[in-house]
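Working notes, structure below.
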Amino acid sequence: MLPLESKAIISKPIGAQLLKVLGIDEFPSTTLPFQRMALDLRDVPESMLGRGLLELPWGGLLRSADAPDLGDLPVLAIIGDGRVAKAGDVIEVDPLRHRIASRYRRGDNGNVLFATERCNSYCVMCSQPPRQVQDDWRLNHLLDLIDLIDADEPSLAISGGEPTLLGEGLVQIVERCASKLPDTHLHILSNGRLQDGSELHRRFESAHPNLSWGIPLYGDHYGLHDYVVQSEGAFAQTLRGIYALEAAQQRIEIRVVLVRPTFERLPQIARFIQRNLPFVEHVALMGIEPIGFAKAHHADIWADPADFGEELSTAVEVLDQSGIGVSIYNLPLCVIDRSLWRYAAQSISTWKNDYLPACSDCALKARCGGFFSWVTPAWTSRAVAPIKELVACPAH
Ligand code: SF4
């Protein structure tokens with residue numbers, strides 16, 4: 001697992017909290033102000049470091065902890081795993097806690113703009129349990145961060161908590177992305193409930209050229225969905241929210257997390273989507289991330305995919321035949337039927353993606369999504385076993 005933050009020596013107060021890490025080879029082509037960049041000198045020979053370069057008004061100079069002293073220049077030295085920052089990343093510097101944290105990783109498939117810790121649902125398997133804290137400061141922080149993200153970044157999620165709790169603040173985030181990152185696919189992960197009865201959805205019409213929404217649906221009737229999100233009335237609110245987003249010409253993905261009671265009714269849920277939400281662009285059928293609230297509810301929510309192969313196959317078939325795009329996320333190839341391999345995506349963010357010892361002998365490891373780094377035997381299918389022969393796996 002890649003580290004998200006590390007202890008650091010921070011030689012003097014740093015002006016900007018968020019800094020773009022810059023490799024020395026990128027230096028001539030960058031247009032950012034020096035004050036917003038940390039020049040990465042960790043692999044640069046000392047003989048190449050002239051005072052003229054070092055004394056430019058850098059936000060920081062990233063050095064090895066044992067590198068020679070640079071006097072009163074703004075040196076940042078990571079203590080521990082240096083992979084917390086590399087060229088192209090954005091780091092947050094915290095001089096009070098003597099820490100550096102990663103806020104954007106160049107080349108990672110799972111970069112997230114984290115909008116808020118607050119949420120109006122309380123899902124039984126929530127991997128990021130909500131906290132009812134005042135964190136409005138995140139809005140300006142995110143607007144600053146967006147300015148430092150690579151313009152050719154392919155995709156970003158906007159997540160939380162529940163991002164729509166930011167109201168107009170979420171519109172500002174999307175608009176800033178439209179201005180700075182118009183080619184980036186933005187995917188807002190929302191429970192859709194605040195789109196019900198408000199006019200917020202209208203604000204996203206034409207707000208960004210490549211914007212979509214990921215909305216969870218855990219049941220084909222209110223009792224099941226409301227149980228999973230632990231909120232009475234959520235099913236009706238989410239459905240009305242989905243229709244409101246459709247009316248605002250938004251692209252919508254339905255996300256179905258495969259907790260046991262949902263897995264049991266997966267074919268019915270697929271038919272419900274087919275009949276009632278035929279306009280959705282994509283459905284993601286997602287294995288559980290075994291962290292947060294999920295750990296406390298293991299007995300109620302864990303379902304070995306090996307026991308639900310028929311339900312999974314039927315749901316995929318129903319959606320596929322309806323012309324709705326369908327993918328399987330977070331499930332390794334060896335636990336699903338071979339006919340479903342073409343729907344399986346390598347969906348786990350690079351920094352929290354790992355494989356088990358059994359995988360080292362597997363011919364399909366390079367194509368398999370593997371596991372969350374925090375998987376334990378209790379969350380591992382009995383079907384996990386290396387696949388010996390390389391089998392054609394057509395791209396989905
Ligand atoms: S053995 Fe490992 S790499 Fe191979 S399919 Fe199973 S989980 Fe994936």
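Just so you know, all these numbers are worked out from the coordinates, no wet-lab data involved. Here the structure is a predicted model, which is why all the values come from computation and not from measurement. Using ideal geometry, Cβ is built from the backbone for each residue, glycine included, and neighbour counts are taken over all protein chains shown.
Side notes on the structure shown:
- For segment 5-104, diffusion coefficient by Stokes-Einstein and Kirkwood Rh (Cα), 10 °C, 1.306 mPa s, µm²/s: 120 µm²/s
- Counting only DSSP H runs of at least 4 residues, each contributing -39500 (n - 2.57), and dividing by the residue count of the chain, the helix-based mean residue ellipticity at 222 nm comes to -6000 deg cm²/dmol.
- Computed magnitude of the charge dipole of the chain (debye, nearest 20; Cβ of K, R +1, Cβ of D, E -1): 220 debye
- Over 27 Å (Cα to Cα) - which of LYS12/LYS86; LYS86/LYS352; LYS295/LYS388; LYS86/LYS180; LYS86/LYS388 fall in this group: LYS295/LYS388; LYS86/LYS388
- Computed from backbone phi, the HN-Hα couplings of segment 240-256 come to 5, x, 5, 5, 5, 5, 4, 5, 8, 6, 8, 7, 10, 10, 9, 10, 10 Hz, rounded to whole numbers (Karplus: 6.51 cos²θ - 1.76 cosθ + 1.60, θ = phi - 60°; Gly and Pro given as x).
- Neighbour-count order for ARG99, ARG63, fewest beta carbons within 10 angstrom listed first: ARG99, ARG63
- As a rough guide to protection, the peptides 81-91, 197-207 ranked by mean Cβ packing within 10 Å, highest first, stand as 81-91, 197-207.
- Along its three principal directions, the equivalent ellipsoid of segment 39-181 from the Cα gyration tensor extends over semi-axes of 34, 17, 14 Å, largest first.
- Stokes-Einstein diffusion coefficient of segment 192-268, Kirkwood radius over Cα pairs, 10 °C, 1.306 mPa s, in µm²/s: 122 µm²/s
- Between segment 291-314 and segment 203-218, the Cα center-to-center distance that results, in Å: 28 Å
- Pairs of Cα atoms in segment 251-344 fall into 5 Å distance bins, from 0 up to the last occupied one, in shares of 3, 14, 26, 25, 18, 10, 4, 0 percent.
- Local net charge near GLU168, Cβ-Cβ under 13 Å (Lys/Arg +1, Asp/Glu -1): 0
- Put simply, the amide H of LEU113, placed in the peptide plane, has neighbours under 5 Å in ALA157, ILE158, SER159, leaving out anything fewer than 5 places away on its chain.
- Seen from SER313, the other residues with C-beta closer than 12 Å to its C-beta sum to a net charge of -4, counting Lys and Arg as +1 and Asp and Glu as -1.
- When its C-alpha radius of gyration is set against 2.2 N^0.38 Å (N residues), segment 112-379 gives a value of 0.99.
- Relative contact order %, the chain, counting alpha carbon pairs below 8 Å whose residues are six or more apart: 12 percent
- Think of each Lys and Arg Cβ as +1 and each Asp and Glu Cβ as -1; about the Cα centre, that makes the dipole of segment 5-104 roughly 280 debye.
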